[in-house]
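**Student:** Quick one: structure below, then a few questions.
Derivation of every value follows stated rules applied to the coordinates shown; laboratory data play no part. Just so we're clear, the structure is a prediction, and the values are computed from it rather than from any experiment. Positions of Cβ are generated from backbone atoms using ideal geometry, with glycine treated the same way; all protein chains shown enter the neighbour counts.
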Amino acid sequence: MKKIDFNVDMGESFGRYSLGNDESLMPYVTSANIATGFHAGDPLVLEQTIRWAKQYQVAVGAHIGLPDRQGFGRRQMDLSPEELRTDIIYQLGAMDAFLKQYGLKMQHVKPHGILYRMVGEQEKYIDTFLDTIESYNPELYIMLHTGCEALKRAKARGLKTAPEVLIDLGYDENGNWVMERVKKARSPQEVAQRAVTVAKEQKIDTIQGKQIPVEGCTVCIHGDAPNASEVAQAVREAFEREQIEVVNLDGYFA
């Protein structure tokens, strides 16, 4: 039987501002990327999202971001490598403190927004990112887009890697995902079909209308999409119809 992890970005509300319906997503996913307070989220939201993850038995990862709430972590910032290192440690430490309260362990780390590209592809940041994760907790899965330079180097170091495919974003013919400044609603059926194709055939369609190969152990949707709950339900139901086992990362690599 084919296996796949199903992850979602969430925990991105802040104060009086609500973004997404995180609890409604929990029954359908196996891994949650929870904002750690830099690009979005706050301590109350972080704790509540972790509480829901425990209730629904969803594995938790730190969705680390740039310190840019106004830009939602999607604007490039010229951080020094030392700033990147301390920002990552600060965010991981905050999440671990809350996880300790609920007897949970962090499963993975996934950068958010433009930081995803910075640490995945930009020479200035790749090794600093990997050094920081390795020194903080080498047991964390590093979740980044399949085929990126950071995952290649992480694998060479013997670190745990979780290559992912972003099934609710567009891809170009070079395998690069297309960033959306504001998350758009996609057809739940379209996203579900893409998820099945990734899991069974390791392919995804591009904005040019072609299919390209992708290798991923996990597929992602974004909790800030207007119809995220409907998309999550459609994806999970499609996996069940196609007899694709949905597991967290430990289950995938077991």
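**Student:** Can you give the Kirkwood hydrodynamic radius of the stretch 48-95 from its Cα pairs, in Å with one decimal?
**Tutor:** On the way: mean 1/r = 0.0801 Å⁻¹.
Averaging 1/r across every pair of different Cα atoms and inverting gives 12.5 Å.
**Student:** Determine the gain in length on full extension of the stretch Glu237-Glu134; use 0.36 nm per residue of separation and subtract their C-alpha separation, reporting nm with one decimal. Walk me through the numbers before you get to the answer.
**Tutor:** Working: separation 103, 0.36 × 103 = 37.08 nm, distance 3.63 nm.
Taking Glu237 through Glu134 to full extension adds about 33.4 nm, to one decimal.
**Student:** At a Förster distance of 45 Å, what's the computed FRET efficiency of Gln101 paired with Gln208, Cβ-Cβ distance as r, to 0.05? Could you put the intermediate results ahead of the total?
**Tutor:** Working: r = 48 Å, r/R0 = 1.06.
Efficiency for this residue pair is about 0.40.
**Student:** Would you mind getting me the FRET efficiency between Asp78 and Asp127? Use the beta-carbon distance for r and R0 = 22 Å, nearest 0.05. Show your work: numbers first, answer last.
**Tutor:** Working: r = 17 Å, r/R0 = 0.79.
My answer for the efficiency is 0.80.
**Student:** Let me ask something else about it. May I ask for the Kirkwood hydrodynamic radius of the chain, worked out over all distinct Cα pairs and given in angstroms to one decimal? List each step's numbers first, then the result.
**Tutor:** On the way: mean 1/r = 0.0558 Å⁻¹.
Taking every pair of different Cα atoms in the chain, averaging 1/r and inverting gives 17.9 Å.
**Student:** Compute the distance from the alpha-carbon center of the stretch 216-247 to that of the stretch 52-106, in whole Å.
**Tutor:** Answer, in whole Å: 23.
**Student:** In percent, how large is the relative contact order of the chain, given Cα pairs closer than 8 Å and 6 or more residues apart? Can you show the working numbers first?
**Tutor:** Working: 516 pairs, mean separation 61.8, N = 254.
Relative CO of the chain lands at 24 percent.
**Student:** Based on DSSP, what percent of beta bridges with both residues in the chain are antiparallel, to the nearest 5? Let's see the in-between values first.
**Tutor:** Working: 5 of 35 bridges.
Percent antiparallel among DSSP bridges in the chain is about 15.
**Student:** Taking a cut-off of 22 Å, what percent of all Cα-Cα pairs in the stretch 120-217 are separated by more than that? All intermediate terms of the calculation are to be shown ahead of the outcome.
**Tutor:** Values: 1736 of 4753 pairs.
Taking all Cα-Cα pairs of the stretch 120-217, the fraction more than 22 Å apart is 37 percent.
**Student:** So, one more: In the structure displayed, which of Lys2/Lys203; Lys110/Lys203; Lys54/Lys100 lie more than 19 Å apart, Cα to Cα? Don't skip to the end; give the middle numbers.
**Tutor:** Numbers: Lys2/Lys203 14 Å; Lys110/Lys203 22 Å; Lys54/Lys100 12 Å.
Violating the 19 Å limit, Cα to Cα: Lys110/Lys203.
**Student:** Let me have the 222 nm mean residue ellipticity of the chain computed from DSSP H runs of 4+ only, each contributing -39500 (n - 2.57), with the sum over all residues rounded to the nearest 500. If you can, show how the numbers build up before the last one.
**Tutor:** Numbers: 9 runs with 103 residues, N = 254.
Calculated at 222 nm, the ellipticity per residue is -12500 deg cm²/dmol.
**Student:** Of the DSSP beta bridges with both residues in the stretch 127-232, give the percent that are antiparallel, rounding to the nearest 5. Walk me through the numbers before you get to the answer.
**Tutor:** Numbers: 4 of 11 bridges.
Approximately 35 percent, going by the DSSP bridge assignments.
**Student:** For a protection proxy built on the mean count of beta-carbon atoms within 10 angstrom, sort 120-131, 184-195, 69-80 highest first, please.
**Tutor:** On the way: 120-131: 16.8, 184-195: 18.5, 69-80: 15.0.
The densest-packed peptide leads the list: 184-195, 120-131, 69-80.
**Student:** Hey, another quick one. I need the Debye-formula profile for the stretch 60-148: one equal scatterer per C-alpha, no solvent, reported as log10 I(q)/I(0) at q = 0.24, 0.26 1/Å, two decimals.
**Tutor:** Log10 of I(q)/I(0), two decimals: -1.32, -1.50.
**Student:** Check each of the chymotrypsin sites (Phe, Trp or Tyr not before Pro) in the stretch 7-57 and keep only those in coil by DSSP with at most 16 other C-beta atoms within 10 angstrom; list them in order. Can you show the working numbers first?
**Tutor:** On the way: sites: Phe14, Tyr17, Tyr28, Phe38, Trp52, Tyr56; in loops: Tyr28, Phe38, Tyr56.
Those that pass, being in a loop and sparsely packed, are Tyr56.
**Student:** Still on this structure, please answer the following. Hey, if you drop one equal point scatterer on each alpha-carbon of the stretch 193-248 and run the Debye formula without solvent, what base-10 log of I(q)/I(0) do you get at q = 0.12, 0.14, 0.25 Å⁻¹?
**Tutor:** -0.30, -0.40, -1.12
**Student:** Could you derive backbone 3J(HN,Hα) for the stretch 10-15 from the dihedral phi with the Karplus parameters 6.51, -1.76 and 1.60 (θ = phi - 60°), listing whole Hz in sequence and x where the residue is Gly or Pro?
**Tutor:** 7, x, 9, 6, 7, x
**Student:** Ranked highest first by average number of other Cβ atoms within 10 Å, how do 84-90, 61-67 line up?
**Tutor:** On the way: 84-90: 17.7, 61-67: 26.6.
So the order, starting with the most tightly packed, is 61-67, 84-90.
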